[in-house]
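To start, the structure under review is shown below, and the notes come after it.
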Amino acid sequence: MSMGATLDHVSKTYLLGDGSTVKAVQDVTLDFTPGHRTALMGASGSGKSTLLHLIAAIETPDSGTITVGGQVITGLSRQQLADYRSTIGIVFQRFHLLPSVSLLDNVCVPLVGRSSVTDKRERGREVLKAVGLGDRANDLPSQLSGG
């Protein structure tokens, strides 16, 4: 399912150990349209990862509103955020995969304990195929490119 996302005047500032602050995301307003691909580009430290963390509800904005799939995710309770997070997936740039198991097994890890997915390995294969890695299911993480 494609879910559009809207950020409305979203900001995020981090407090550093020395007492200084970093404005990682400042007053960002944008729309991600379902069915379209969007590239976030910018220099290292420009806020790309923070923006994705905000949309995924890993981080909470200091101000602004984030709406995903018609649901306003800013201001949700911890349980509601957990429910929301269970509907999305993120592959981090420095992916933290289990090094000694196959790609398929790594993809299936989040499905453990989820009764709604009856054939977890088949679902894992579908997901790998959807991202162009269907033929790499038995490879180890060390056999993948980090780029």
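Could you check, for the stretch 42-53, whether at least one of its residues is part of a strand (DSSP E or B) and farther than 24 Å from LYS120 by Cβ? Checking the stretch 42-53: not a single residue is part of a strand (DSSP E or B) and farther than 24 Å from LYS120 by Cβ. If you filter the stretch 6-25 down to residues that are at pLDDT 90 or above and more than 12 Å from ASP62 (Cβ to Cβ), you find that the one that is surrounded by the most Cβ atoms within 10 Å (Cβ to Cβ) is LEU7. Evaluated against (1) open to solvent by less than 50 Å² (accessible area, probe 1.4 Å); (2) in contact (Cβ under 8 Å) with a residue 24 or more places away in the chain; (3) in a loop (DSSP other than H, G, I, E, B), LEU76 falls short on exactly one condition, (2).
A quick yes/no check of all residues on (1) in contact with a Gly (Cβ under 9 Å, 6 or more places away or on another chain); (2) not aliphatic (A, V, I, L, M):
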site: HIS9; (1), (2): yes, yes
site: LEU30; (1), (2): no, no
site: SER44; (1), (2): no, yes
site: SER49; (1), (2): no, yes
site: ILE58; (1), (2): no, no
site: PRO61; (1), (2): no, yes
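Cβ separations smaller than 6 Å between residues 6+ apart or across chains give the following pairs from the stretch 25-46 residues that are free of Cβ contacts under 8 Å to residues at least 40 places away in the same chain to residues that are in a loop (DSSP other than H, G, I, E, B): VAL25/GLY47; PHE32/GLY4; PHE32/THR38; THR33/GLY4; PRO34/SER2; PRO34/GLY4; GLY35/SER2.
The values are calculated or read from the model by the stated rules, or taken from the named source; none is laboratory data. Quantities reported herein were computed from a predicted structural model and do not represent experimental measurements. Note that we place each Cβ from the backbone using ideal geometry, even for glycine, and neighbour counts take in every protein chain shown. All accessible areas refer to the heavy atoms of the entire protein, side chains included, with ligands and DNA or RNA removed. Shrake-Rupley method; radii C 1.70, N 1.55, O 1.52, S 1.80 Å.
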